[in-house]
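Heads up, the thing below is written out as structure tokens.
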Amino acid sequence: MSDDPTIFEQIVAGDIPARIVYETDTVAAFLDANPLAPGHTLVVPKEPHERLEDIPDDEAAAVWAAVQELVPQIAAAVDADATTVGVNDGEAAGQEVPHAHVHIVPRFEGDGGGPIHAAAGDRPDLSEDELDGIAADISGE
Ligand code: AMP
């Protein structure tokens, strides 16, 4: 990982402009500069943790609390019908900025978008044994 400050660190530091809509000691949220919808907002821990697993528990809890608070505020502000909340966690998932962030994307009836199920590629055809094995690997049992 580069030692250069991420673009989101620079926003948090006030070194580059952003439309900040929420701020605490540990969390900031600002409008996405290239929005997928009106009100598209990014919620970040102020510390530049790259991946979800890198965020300490207390900061992660603060990020999620911000998401929960912001979702209805944003939806009301742009008169959205629904919201998609998501994280691109890692380059293969589309993460471009190496500073963990949660996307809050307001959704509208007939907006032409899809559900989060559309984010991955073709669905794998997994046997019951394969599913059992994956579950065991995840749970460590
Ligand atoms: P991701 O692909 O999940 O890393 O998303 C990065 C997001 O950051 C994209 O939606 C960009 O539009 C957004 N973005 C990049 N630079 C800025 C910026 N200076 N201010 C606000 N949003 C930005």
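Quick note: the coordinates plus some simple rules give every number you see, no bench work behind them. Computed from a predicted structure; not experimentally measured. Using ideal geometry, Cβ is built from the backbone for each residue, glycine included, and neighbour counts are taken over all protein chains shown.
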Residue 97 to residue 69: extension gain in nm, 0.36 nm per residue of separation minus the Cα-Cα distance? 7.7 nm
What whole-number value in cubic angstrom gives the convex hull volume per residue for the C-alpha atoms of the chain? 147 Å³
What's the extension gain from residue 141 to residue 3 if we count 0.36 nm per residue and subtract their Cα-Cα distance? 45.9 nm
Going by alpha carbons, how many degrees (0 to 90, nearest 10) lie between the helix axis of 128-139 and the longest principal axis of the chain? 50 degrees
FRET efficiency (residue 10, residue 122; Cβ distance; R0 30 Å; to 0.05) is 0.20
Mean Cα-pair separation over length for the chain, i.e. relative contact order, pairs under 8 Å, 6 or more apart, %: 22 percent
Per the C-alpha gyration tensor (a ≥ b ≥ c, the square roots of its eigenvalues), segment 76-141 is rounded if a/c is under 1.5, else prolate if a/b beats b/c, else oblate; here it's prolate
How far is helix 57-78 tilted, in degrees, relative to the longest principal axis of the Cα atoms in the chain, given as a value from 0 to 90 rounded to the nearest 10? 70 degrees
